[in-house]
Structure formats: structure tokens, C-alpha cells
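The values are calculated or read from the model by the stated rules, or taken from the named source; none is laboratory data. Source: prediction; values computed, not measured. When we count neighbours, we look across all protein chains shown, and the Cβ atoms used for this are built from the backbone with ideal geometry, even at glycine. Side chains included, ligands, DNA and RNA excluded: accessible areas come from the protein's heavy atoms. Shrake-Rupley method; radii C 1.70, N 1.55, O 1.52, S 1.80 Å.
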Amino acid sequence: MSRTTSLLLLLLAAGMMAASPAPTPTPPAVAPGASATPSAGSAPAKHCAHLDAPVPKTLADFALSEESVCGSLSQTQRVPAVSALTLYSVRRADQLLIATLEVGRLKPAFDPSSSAVRGTITAQVGDTSPERLKVGNTIVYVSQARGLSVLTWFRKRDFYVLAVRDIFDRPRTMLREALAASQ
Amino acid sequence: MRVSRTAFATIVASLLLAPILQGCAGREDRTNELRAIIARTVSQSRHYRYSEAYAGHTAVVEASIQDDLRYKTSYSRDGHLLSEEVIVDDARALRIPDPAAADRVAPSIAVTRPGLGSVGAGASPTGTASQASTIGLPAPEAAGAAAESRPGAQTLDLIHSGGWVLDAAGAGRLQRKHTAKREELGDDQVRDALNALRYVDDSMTQLGGTGAVVLYNPEAINYRADLDPFPRPKTAAGELRYDLRQPGLAPRAGGAGTSEAQREQGLPGPAYFRSLSVYVRRGLVERVVESVSVERALKNPDQDLLARIQDAGTQVPASVKTGAPSVQAAFIARTLIAQQLRRNQSPLRVHELQLVVSGLGAAQDVTLPDGAAKASLAGVLPRGLVLDQG
């Protein structure tokens, strides 16, 4: 796993957070139970390696929307360790982005069960040294970035990165639900 | 070059004996082994019974830990239940059953409680930070963290009613609390209990070097039964005991031609007085015991603590020099604590501590209480993320 890969992932999340539009009065988020569908105008382009990994439809009662990551930093041909990548956003009813969930699949040459691979990924996501949390049966690596808590975990060949804004007061609920769905 | 037979035999004998002597001295380092055991232990759900005897008090914390985001604690001191707390993901429930005890558990609550009058923000009935730390109450700084977000009058009324108060988003941010003051053992005994195995890990790190952790070996050349405060492991039952090395004294600077700083360097830190052992069975931690005792250190024939204190510029009264070990120990502890606080170092905390781990891997009953009153607990004994020892 190259440093570039993990940095790209975080940059993508951080960039989305920074680019989150100012709250505007809009219809509420999709009700719980609705499916996670690509948001309007942001369907993944065909050339992107889309990843069908298990993700919840909602997180802490907010709907997930798949974001287009094509033509941006996360094009998988520019990230040699990753064969596919999908990015979801979680927005409040006023459209303020409160979290992103990224799911990436590592190429066979990279073993996600290896502590070296995990260490390389988690050490470079966020601005702080990752802390290990045991949540259910999963080890989650927690680090901080500017205004964000960044939570990373692994499932078979996939890795998940949940970035939650610090202003959101239920990050553990979000994490627990994302973990359950990714089993 | 020719080597005589005698010399050759000596070399061979020394090569053969070296590992044996090393083994006798118990110098085989087990740090990594113990770290792996701790990691295995904290990866499972578990129950802790943490007790600390200090300054004439005994504090007990019972903790049921499902995982790092779901746990509950009960905290009592000298037999009086002071607080109960449940954390389930983002939700936090707190109960302080004895309203009078709230003054002792949570000074921030006491000073701002409506009707009691204001004693001043951040003030503490326990006195200075060092005094609070020494006697084991939350230090004013710890309580002062509440100043970031003060509890409202409704919350305070509910807490003082003695019932459960539930905050659906009260667990706070997913990061450790950062305060200007270093968190010392005893500032928050609930946190100490939850972090007890990390404390062991940190102690190993502080010792550093090879031989920081050794297996209990009463036949080791440097073992002294009179300096060992803990029971021997039940080896027949498969129990192992890992002992953390006690550092020796630094070279004594003496009085002439040395600076005050150099002479103070000759005074020992808290680790010199500490015995810390971890009992392990089936590759998991069963019990941790720590004893910090100046009086026991005085039994060491190599010690010259009073002379070092005198070197550092503190007059040792004749009544102490000729006094009983308990008198000398009290004087040494007082002097060292004052010096350590002056130098912004962690102060010596004389205590007997025990952590008993049970219920490993078993489901722990960690559920939010029924019928709790809902209110924000922001600013009430905030700890942030405390279980981060995996």
C-alpha cells in the first residue's frame, strides 16, 4: 500500500468535507430504510471500477448517497494498490456533509490481514497516530484529522474508512451500524 | 596464536555458564511476551475489580466491559457507593446515589449546584491539585475541564436527586480528553481502573531496555524474599508471574563540586519504590498487583535515601535519622513528592493496588438503565475516550 493511496483517500474525504455546501433548506434526508443510491447527477461513470461492498442504507438515521469518484483523485488506475473504490456521503437534512464512508478493495498483492499492510494504511490516514479500539469483534483504528474523526477497519480484501465530522454527536452509533452492515 | 588448554577451557566454561547465570539472575526479558498477553486480554469482553488502598482510604471500581465503546462502572470509596456509570456507544448514563458524596466525587457539580452558593469556578473542596491527587479525589483541573461546558441547573438538580441521568449523546467525541495538566494516577480512579492494563504497558515502556520484565524466579541471584510483597504464583495450577524490574539508584552526586540539579538527579523516581507483578494463566491476565512503598525500599541494604536527600539540600532532622522506618518513610515520601511537584514530575503515590480480571470472553451485561431522566451530561466528569489500550 503506497502512501499515495492512503493520502488520496483521506484527501478525498477531507476535500468533500471542505466542499460541503452551506446548509440550505432542503427536503429531509431519505427516510431510514431507503436504499443507498447514487445522488443526483453523480452516478459513477462506466470506466470506474465500482465496488459492491456491503454498506448500510442509513447511518444514524441519515441516508447514504453514493458519490462519483471518477475523474478525481480516486481513479483506481492512479492508486495501484486498490482495484475498486466506492465513496458514500452522509448529509444532514440541510445538506451539510457530516460523514463519508469509503470502501476500497485491495489488489491481491496486498494482504489486508497483514499487520504491516494495516499499519501502513492506518498510520497514514489522519493527522494523529491511530488508536486501536475493539468494537464488537472488530479492531477499529481511530485517528484525528482537522475537524474529523477517521475510523478504519478491514473486512477480507476490503477496507473501510469512515470519516465523521466532530460536530456530529453520534459517531459511535454511526460506526456501530457501519460495522454491522460490513460483516 | 596459540591458546593454552587452561585458557581454552576457561573460555568454553564461561560460554556455557553465561546463559545459565543469566537465567539464574532472571534477566530473560519477557516484555514482548507480556505485551502480547495484555493485547489478548483486552481483546475480550471482561470484568475488572480494581482496588486501591492509599492514604488510609480504599477505593474500589467494578467495571464490566463489553468492548471499548460499551462498559459500565461502579465506584465506591471506603465502602460507600459514589457513582455508577454506563456507556453504550454514544449514550452515557450517570448516577450519583448519595448526594452528599457528589461533593467528593464531582467538585464541579458541588460548586455550581443551585442553592449552595458559588464557591468559584474550578474551585475544589479538596484543595490543591497535588493534595487532591495524593488523596485520590478528582483534581481541580480534572473537574475544571467541566468549565469547557458547564452542566445546566436541570442536570445538576437531576444528579443531586440521586437517580439515573441519561444523555443520548453524552459519551463525547471519539478522542481522548486533552487537558493542560498531565493526568496522574489517582486523579480519576474510574479512568485508572479502565486503563489499568495500559498503565502496566506504559510502565514497561518507561523502564525500557532489556530485562524490563522477568518471570518470577525465587532462585535468581538478585531475588530477595523480604523485598517481594506478593504471593508466589500457583505454578501447579499453571499460573505464571511476570515481574517488572525495579530500577536501581542513579550514581550519588555527593555534596562537593556538584550543582543542585545534579544532586537532585540522585533522588529516585516513583519506579524505584514500586513492585509490579502480573499473574497470568492460559495466556491471559488474571491479576495485576502493584505496591509502592518507601518503607520496603528502606530494607534494601544498598539504599542511602536520607543521605541523598541531604545532598539535595534538605536537612534531615535527627529525629528522622534515628527514627523508626515508618518515620523515615513518611519524611522521604513528603520530601520526594515536594521535589517532584516542583520539577513538574509525576509524584510518588504510596499505595497498594490490585486489578482482578474475570469473565473473559463472557457476555457482559451492559445496558442503559430503565427510567433514567434525560438531560445533557456535558461537563460532568468528562473523560473522553478512555478505553484505547488494544
Out of all the residues in the stretch B:220-236, which are among the β-branched types (Val, Ile, Thr) and assigned to a loop (DSSP other than H, G, I, E, B)? B:Ile221
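If you take the residues in the stretch B:291-346 that are assigned to a helix (DSSP H, G or I) and among the β-branched types (Val, Ile, Thr), which one is most open to solvent (accessible area, probe 1.4 Å)?
Residues of the stretch B:291-346 assigned to a helix (DSSP H, G or I): B:294-297, B:305-311, B:318-321, B:325-342.
Pick out the ones that are also among the β-branched types (Val, Ile, Thr) and you get B:294, B:309, B:320, B:327, B:332, B:335, B:337.
Values: B:Val294: 4, B:Ile309: 2, B:Val320: 11, B:Val327: 68, B:Ile332: 1, B:Thr335: 24, B:Ile337: 34 Å².
Across the stretch B:291-346, the extreme among qualifying residues is B:Val327.
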Check A:Lys107 against each of (1) farther than 16 Å from A:Ser89 by Cα; (2) basic (Lys, Arg); (3) within 17 Å of the chain's Cα centre (by Cα) and name the one condition it does not meet. (3)
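Would you confirm whether or not the stretch B:266-283 contains a residue that is open to solvent by 60 Å² or more (accessible area, probe 1.4 Å), within 23 Å of B:Val213 (Cα to Cα), part of a loop (DSSP other than H, G, I, E, B) and without any contact (Cβ under 8 Å) to a residue 60 or more places away in the chain? Don't jump to the end; show me each part of the working.
Step one: list which residues in the stretch B:266-283 are open to solvent by 60 Å² or more (accessible area, probe 1.4 Å), which gives B:282.
Filter again for within 23 Å of B:Val213 (Cα to Cα), leaving B:282.
Cutting the leftovers down to part of a loop (DSSP other than H, G, I, E, B) gives us B:282.
In the following step, the residues that additionally are without any contact (Cβ under 8 Å) to a residue 60 or more places away in the chain were identified as B:282.
Yes.
Can you give me the number of residues within the stretch A:151-183 that are in a strand (DSSP E or B), within 12 Å of another protein chain (Cβ to nearest Cβ) and open to solvent by 10 Å² or more (accessible area, probe 1.4 Å)? Lay out the reasoning, then the answer.
Of the residues in the stretch A:151-183, the ones in a strand (DSSP E or B) are A:151-155, A:158-165.
Checking which are within 12 Å of another protein chain (Cβ to nearest Cβ) leaves us with A:151, A:162-165.
Retained after the next criterion (residues that are open to solvent by 10 Å² or more (accessible area, probe 1.4 Å)): A:165.
The total comes to 1.
So is A:Leu148 at pLDDT 90 or above, at the interface with chain B (Cβ under 9 Å from one of its Cβ atoms) and open to solvent by less than 10 Å² (accessible area, probe 1.4 Å) or not? I'd like the intermediate steps shown before the answer.
Numbers: at pLDDT 90 or above: yes; at the interface with chain B (Cβ under 9 Å from one of its Cβ atoms): no; open to solvent by less than 10 Å² (accessible area, probe 1.4 Å): yes.
It is false that A:Leu148 is at pLDDT 90 or above, at the interface with chain B (Cβ under 9 Å from one of its Cβ atoms) and open to solvent by less than 10 Å² (accessible area, probe 1.4 Å).
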In the stretch A:97-139, which residues are touching a strand residue (DSSP E or B) at 6+ places or on another chain (Cβ under 9 Å), more than 14 Å from chain B (Cβ to nearest Cβ) and surrounded by fewer than 17 Cβ atoms within 10 Å (Cβ to Cβ)? A:Lys107, A:Pro108, A:Ser113, A:Ala123
Check whether at least one residue in the stretch B:358-365 is among the small types (Gly, Ala, Ser), assigned to a loop (DSSP other than H, G, I, E, B) and within 14 Å of chain A (Cβ to nearest Cβ), and report yes or no. yes
With the requirement that a residue be outside any strand (DSSP E or B) and either closer than 16 Å to B:Val165 by Cα or out of contact with any Leu (no Cβ under 8 Å at 6 or more places or on another chain) (or both), what does the stretch B:65-85 give you? B:Asp78, B:Gly79
Contacts under 7 angstrom Cβ, first residue in the stretch B:333-350 being at positive phi, partner among the aromatic types (Phe, Trp, Tyr), 6 or more apart: none
Taking the condition of being surrounded by fewer than 16 Cβ atoms within 10 Å (Cβ to Cβ) and either away from chain A (no Cβ under 13 Å) or free of Cβ contacts under 8 Å to residues at least 24 places away in the same chain (or both), how many residues in the stretch B:36-46 meet it? 1
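Restricting the search to the stretch B:361-373, which residues are of a type in the set (A, V, I, L, M, F, W, C), open to solvent by 50 Å² or more (accessible area, probe 1.4 Å) and modelled with pLDDT of 95 or more?
Going residue by residue through the stretch B:361-373, those that are of a type in the set (A, V, I, L, M, F, W, C) are B:362-363, B:366, B:368, B:372-373.
Checking the rest, the ones that are also open to solvent by 50 Å² or more (accessible area, probe 1.4 Å) come to B:363, B:368.
Selection gives B:Leu368 alone.
Could you tell me whether B:Gly248 is within 22 Å of the chain's Cα centre (by Cα), loosely packed, with under 15 Cβ neighbours inside 10 Å and over 26 Å from B:Val356 (Cβ atoms)? Don't jump to the end; show me each part of the working.
Values: within 22 Å of the chain's Cα centre (by Cα): yes; loosely packed, with under 15 Cβ neighbours inside 10 Å: yes; over 26 Å from B:Val356 (Cβ atoms): yes.
It is true that B:Gly248 is within 22 Å of the chain's Cα centre (by Cα), loosely packed, with under 15 Cβ neighbours inside 10 Å and over 26 Å from B:Val356 (Cβ atoms).
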Within the stretch B:291-323, can you find the residues that are closer than 22 Å to B:Ser275 by Cα, of a type outside the set (D, E, K, R) and out of contact with any helix residue (DSSP H, G or I) (no Cβ under 7 Å at 6 or more places or on another chain)? B:Ser291, B:Pro301
Residue that is farther than 28 Å from B:Tyr199 by Cβ and within 14 Å of another protein chain (Cβ to nearest Cβ), where the choices are B:Ser319, B:Ser376: B:Ser376
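With open to solvent by less than 30 Å² (accessible area, probe 1.4 Å) and modelled with pLDDT under 95 as the only criterion, which of B:Asp192, B:Asp226, B:Asp243 stands out? Let's see the steps before the verdict.
Values: B:Asp226 fails: open to solvent by less than 30 Å² (accessible area, probe 1.4 Å); B:Asp243 fails: modelled with pLDDT under 95.
Of the residues listed, the single one that is open to solvent by less than 30 Å² (accessible area, probe 1.4 Å) and modelled with pLDDT under 95 is B:Asp192.
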Pick out, from the stretch A:22-141, the strands (runs of 3 or more DSSP E) lying fully within it that include 2 or more residues that are modelled with pLDDT of 90 or more, among the hydroxyl-bearing types (Ser, Thr, Tyr) and farther than 30 Å from B:Ile65 by Cα. A:82-91
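A:Val90: of a type in the set (A, V, I, L, M), more than 23 Å from B:Asp167 (Cα to Cα) and under 14 Å from the mean Cα position of the chain (by Cα), yes or no?
Working: of a type in the set (A, V, I, L, M): yes; more than 23 Å from B:Asp167 (Cα to Cα): yes; under 14 Å from the mean Cα position of the chain (by Cα): yes.
Judged against the criteria, A:Val90 is a match.
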